[in-house]
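Colleague: What follows is a structure written as structure tokens; I'll ask about it next.
The values are calculated or read from the model by the stated rules, or taken from the named source; none is laboratory data. Worth saying up front: this structure is predicted, and the values here are computed from it rather than measured. Reconstructed Cβ throughout: ideal geometry from the backbone, glycine too, with neighbour counts over all protein chains shown. To get the accessible areas, we keep the full protein, side chains included, count just its heavy atoms, and leave off ligands, DNA and RNA. Shrake-Rupley method; radii C 1.70, N 1.55, O 1.52, S 1.80 Å.
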Amino acid sequence: MARCLVFMLLFLISSLISTVGLLVEPPAELLQLGDVGEGRLSVDRSDVLEASRDFGGLARAEPMAVFHPRGAGDVAGLVRAAYGSARGLRVSARGHGHSISGQAQAPGGVVVDMSHGPGAEARARALPVYSPALGGHYVDVWGGELWVDVLNWTLAHGWLAPRSWTDYLYLSVGGTLSNAGISGQAFHHGPQISNVYELDVVTGKGEVVTCSKTQHPDLFFGALGGLGQLGIITRARIALERAPQRVRWIRALYFNFTEFTADQERLISLRGGRRFDYVEGFVVAAEGLINNWRSSFFSPQNPVKLSSLKHHSGVLYCLEVTKNYDDSTAGSVDQEVDALLGELNFLPGTVFTTDLPYVDFLDRVHKAELKLRAKGMWEVPHPWLNLFVPASRIADFDHGVFRGVLGGRTAGAGGPILIYPMNKHKWDPRSSVVTPDEEMFYLVAFLRSALPGAGAADPARSLEALAAQNRRILDFCAREGIGAKQYLPNHKAQHEWAEHFGAQRWERFARLKAEFDPRAILATGQGIFRPADSPAPEADS
């Protein structure tokens, strides 16, 4: 019976492939994929088209099929079959399609749709657990689960929450852990990859390996920030903490970049309880302040006069901080915030404050998403550029990029420009993430949206113009020896990837790739390693 089902599936795939016109080898490549547990292999045109694109909108590559697993065993069965196929069929995991440069695509291969599975239904989710050995709570989650769903689940079961976040919660757990996962809490708790205790990873050989700091540590640290190159994360054990009830959210403006960065660096260096819980910042032009993407913050409820800015046409810098509190600490939050703000050098009269529930603060970017969707501005190309810049060169970066390449006209930059520092000692050096060789470094994120058909009407917002500007920024960093490293990296050739990692880290990464994905069939959309054309391994190997 099972053999009949396999051949029925093969016939169906062959028919559909002929119908949709995909140019692939005869479907014998998919013969071994017929018996993969409870998962569903699809060649439906809508599934294939969805898997061929991502949020970046810069690259498109059609897979041969899309696989919908029901659990880790299904993923392992698929990868084993791909590993054993004649050419080594390419496989890429896709969370919810928020990669920006085709990282989750598998041209001519199979995309594993991780957005469903055991985390999709509440009855299948694991409850938070307290571990005396760890001294805290954790929760086990499916790799394709959204962080917003993890948050809602852990809040509902003990008012707990993960310690470290990204600014946007509609990202998959496996996706952010394969990069780093950063936000304004990273200076305190480290990135998300510093707040995970254990992983289940399906390697490029189709083996399900449970790993941690003490169990298979090479795979554990290699997979964290490993861009999906060493395996597909199917389960993650996430560290939790007691969630606060409310957030005091504060912004203050600066003319002077040196004072702005000095205050940011001072804030992330504070120890003990007397500090903010979140530190970020962004760059904005004075004339674009009220029309900025975050302008809802500067509302009639914050009636601070901006008369001192009306004659200023240059670059402004906005410090963004929060202080968490609940009923037991509400009486002291004003005093603590005032004391911290009293040590800063922002422009007098430019402090904007609001209070809101903790969940609303964490989910703040989703509200911006809904507005952009309503305007048809969400499903557009996003030529993002994210850089880690050494703190020692951040002033040079400001002079050469914000005031140089951008010409001080950040209002027309095509989207928000974030800038905030992090502490390297909060990042485990054994992970695969590449950061500058300094204790303190900045994320500078150019989160641009290209306007379709901008053309002559607004040429600066065209995809071509924004992509060219990204190249000028990178050229400036290379020419001036800034030492910046790309976050969510996008390189075009293997020698560029080797330079990105540096000789020692590249040697280690390549060694781990050879060990855990010897045929280089995983995450090929990034072009880091060339898939091997070697014969299929022997059955007993």
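Colleague: Structure shown: which of LYS426/LYS513; LYS375/LYS426; LYS367/LYS513; LYS323/LYS371; LYS371/LYS424; LYS375/LYS492 lie over 29 Å apart, alpha-carbon to alpha-carbon?
Modeller: LYS375/LYS426; LYS367/LYS513; LYS371/LYS424; LYS375/LYS492
Colleague: Calculate what fraction, in whole %, of the accessible area of the range 138-223 sits on carbon and sulfur atoms when a 1.4 Å probe is rolled over the protein chains.
Modeller: Working: 1100 of 2200 Å².
Ligands and nucleic acids excluded, carbon and sulfur give 50 percent.
Colleague: Return one whole number: the accessible area per residue of the range 311-408 in Å², for a 1.4 Å probe. Display every interim value, and only then the final one.
Modeller: Working: 4310 Å² over 98 residues.
Ligands and nucleic acids excluded, the figure is 44 Å² per residue.
Colleague: Ordering TRP147, TRP159, TRP384 by accessible area with a probe of 1.4 Å, largest first, what comes out? Could the numbers behind the result be given before it?
Modeller: Values: TRP147 5, TRP159 105, TRP384 75 Å².
The ordering from most to least exposed comes out as TRP159, TRP384, TRP147.
Colleague: Express the relative contact order of the range 75-187 as a whole percentage, based on alpha carbon pairs under 8 Å and six or more residues apart in sequence. Please report the intermediate quantities before stating the final value.
Modeller: Details: 153 pairs, mean separation 23.1, N = 113.
Once normalised by length, the contact order is 20 percent.
Colleague: With a 1.4 Å probe and all protein chains in place, put TYR138, TYR278 in order of accessible area, largest first.
Modeller: Details: TYR138 30, TYR278 0 Å².
The ranking, largest first, comes out as TYR138, TYR278.
Colleague: Right, here's the next one. Arrange the peptides 198-207, 101-110, 342-351 so that the one whose residues have, on average, the most other Cβ atoms within 10 Å appears first. Write down the numbers at each step before the final one.
Modeller: Numbers: 198-207: 22.4, 101-110: 24.4, 342-351: 14.8.
Top to bottom by mean Cβ count within 10 Å: 101-110, 198-207, 342-351.
Colleague: Averaging the inverse of every distinct alpha carbon separation and then flipping it gives the Kirkwood radius. What is it for the range 329-480, in angstrom units? Present the calculation step by step, with values, prior to reporting the outcome.
Modeller: Values: mean 1/r = 0.0540 Å⁻¹.
Kirkwood hydrodynamic radius for the range 329-480: 18.5 Å.
Colleague: Still on this structure, I have one more. Can you give me the solvent accessible area of LEU58 with a 1.4 Å probe, rounded to the nearest 10 Å²?
Modeller: About 80 Å², ignoring ligands and nucleic acids.
Colleague: Note down the accessible area of LYS213, probe 1.4 Å, to the nearest 10 Å².
Modeller: Result for LYS213: roughly 120 Å² accessible.
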